[in-house]
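Structure first, commentary second.
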């Protein structure tokens with residue numbers, strides 16, 4: 001089985017690219033969804049996150065308010081509130097990785113020749129690239145990130161630019177990600193252009209998966 005890490009900066013289009021791979025036949029899991037599940041009430045990770053960040057990050061129903069958690073984690077330079085991203089990652093990432101590893105082993109047991117893809121924003125930042133046989137990095141133009149965040153969160157471009165800047169400060173620059181990548185998918189053009197690149201990468205992976213049989 002081939003284990004593939006799929007990563008990229010904020011709003012680069014990782015999820016879209018992951019879904020394209022899935023349509024071609026790859027198995028896909030998304031670290032953000034795994035983390036979301038682990039931070040549901042009743043989970044051990046939920047309890048630790050609330051203990052560290054306080055009940056101010058909770059909705060009235062007791063669930064975690066993700067924007068409030070992000071605000072607490074990324075800090076605010078203007079007000080002098082320090083970033084606590086590393087603290088949050090230390091609470092969440094080990095559990096996410098365990099879930100991902102269990103998922104990959106389940107896929108391997110069902111299909112020894114599968115292509116299993118883990119989509120995650122912080123693969124390189126977490127020093128987790130060695131878990132995978134190959135790393136795929138998705139990129140786009142800086143202004144596209146702003147436009148996509150503004151559209152996704154229904155906020156002004158000014159607010160979106162501030163959010164992108166805040167998030168990117170906690171991530172390795174695209175230039176460094178590209179150096180570490182086995183495959184790079186440029187998602188700054190049309191969906192058709194992105195699909196064509198995904199198809200080329202998947203064809204290469206299929207050939208390798210075939211040689212592993």
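Laboratory data are not the source of any read-out in this text; all were calculated from the coordinates shown. The model shown is predicted, which means the values in this text are computed figures rather than measured ones. Here Cβ is always computed from backbone atoms with ideal geometry, including for glycine, and neighbour counts include all displayed protein chains.
Filtering 57, 115 for residues that are surrounded by 12 or more Cβ atoms within 10 Å (Cβ to Cβ), over 19 Å from the mean Cα position of the chain (by Cα) and on the phi < 0 side of the Ramachandran plot leaves a single hit, 57.
Scanning the range 9-43 for residues that are more than 21 Å from residue 99 (Cα to Cα), within 15 Å of the chain's Cα centre (by Cα) and in a helix (DSSP H, G or I) yields a total of 2. Taking the listed residues 195, 163, the one that is touching a helix residue (DSSP H, G or I) at 6+ places or on another chain (Cβ under 7 Å), more than 25 Å from residue 2 (Cα to Cα) and either buried (at least 16 other Cβ atoms within 10 Å of the Cβ) or in contact (Cβ under 8 Å) with a residue 40 or more places away in the chain (or both) is 163, with no other qualifying. Do you know which residues across the range 90-105 are out of contact with any helix residue (DSSP H, G or I) (no Cβ under 7 Å at 6 or more places or on another chain) and crowded, with 17+ Cβ neighbours inside 10 Å? Across the range 90-105, the qualifying residues are 93, 97, 104.
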